[in-house]
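The structure appears below as structure tokens.
The values are calculated or read from the model by the stated rules, or taken from the named source; none is laboratory data. Just so it is clear, the structure is predicted and the values come from calculations on it, not from any experiment. FYI the Cβ positions are ideal-geometry reconstructions off the backbone, even for glycines, and counts take in every protein chain you see. The protein model used for the area step is the full one, side chains on, heavy atoms only, and it has no ligands, DNA or RNA in it. Shrake-Rupley method; radii C 1.70, N 1.55, O 1.52, S 1.80 Å.
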Amino acid sequence: NIRVMWNGENVIFGGKTDDAQMPVFLLYKLQELFEGTVKRQLLKNIFPEGDICLYGEGYGAKIQKSGGNYISDGVSFVLFDVKIGSVWLERANVEDIASKLFLKVVPIIGEGTLQEAVDMAHKGFNSQWGDFTAEGIVARPKQELRTRAGDRIITKIKYRDFC
């Protein structure tokens, strides 16, 4: 997991937690995607107030076991969620932001029940990124659900957990 935070003036990169280590080659790619005068101005135009966090994933060689299948020239970043202040954006807004920032967004591969997603991951299916088995599925309910503590309920089902 990668967090790209914009405070209105600066871009800050982080992993899933503040203590997470990020490979240098991935950091270089993130700097290419999000830093520099033009990118900073673009972020300023889209999010003048700042207080935004883009959530995504680094992918490619040396990141996933089959990372070389994803991208032949190194690594990249794919967006899957956006939070402005304390508000998580809906999918259409995430796609709009990805478009404005020239980013890829994690594809939606279908709709169905949780059991259907488990069955699909167990069987395996081709990745949207190439002719190889997808890592898995991130399943979200159509209507956002939260725990009693207010955390969103999202499920990740990985193909390798069935091997």
Could you say which residue among ILE2, ILE46 is within 19 Å of VAL106 (Cβ to Cβ) and surrounded by 13 or more Cβ atoms within 10 Å (Cβ to Cβ)? ILE2
So, in segment 131-149, exactly how many residues are in a strand (DSSP E or B) and more than 22 Å from ASP119 (Cα to Cα)? 1
Could you please find all residues in segment 130-146 being among the β-branched types (Val, Ile, Thr) and open to solvent by 60 Å² or more (accessible area, probe 1.4 Å)? THR133, VAL138
Scan segment 29-38 and give yes if some residue there is touching a helix residue (DSSP H, G or I) at 6+ places or on another chain (Cβ under 8 Å), within 14 Å of ILE2 (Cβ to Cβ) and open to solvent by less than 40 Å² (accessible area, probe 1.4 Å), otherwise no. yes
Every residue from segment 10-28 that is surrounded by fewer than 14 Cβ atoms within 10 Å (Cβ to Cβ) and touching a strand residue (DSSP E or B) at 6+ places or on another chain (Cβ under 6 Å): ILE12
Just checking, does segment 76-83 include any residue being more than 14 Å from the chain's Cα centre (by Cα) and surrounded by fewer than 17 Cβ atoms within 10 Å (Cβ to Cβ)? no
Which condition from (1) exposed (fewer than 15 other Cβ atoms within 10 Å of the Cβ); (2) more than 14 Å from the chain's Cα centre (by Cα) is the one that ALA121 breaks? (1)
Can you pull out every residue in segment 147-161 that is open to solvent by less than 80 Å² (accessible area, probe 1.4 Å) and in contact (Cβ under 8 Å) with a residue 12 or more places away in the chain? ARG152, ILE153, ILE154, THR155, ILE157, LYS158, TYR159
Enumeration of residues in segment 73-91 that are without any contact (Cβ under 8 Å) to a residue 12 or more places away in the chain, among the aliphatic types (A, V, I, L, M) and either in contact with a His (Cβ under 6 Å, 6 or more places away or on another chain) or over 20 Å from ARG146 (Cα atoms) (or both): none
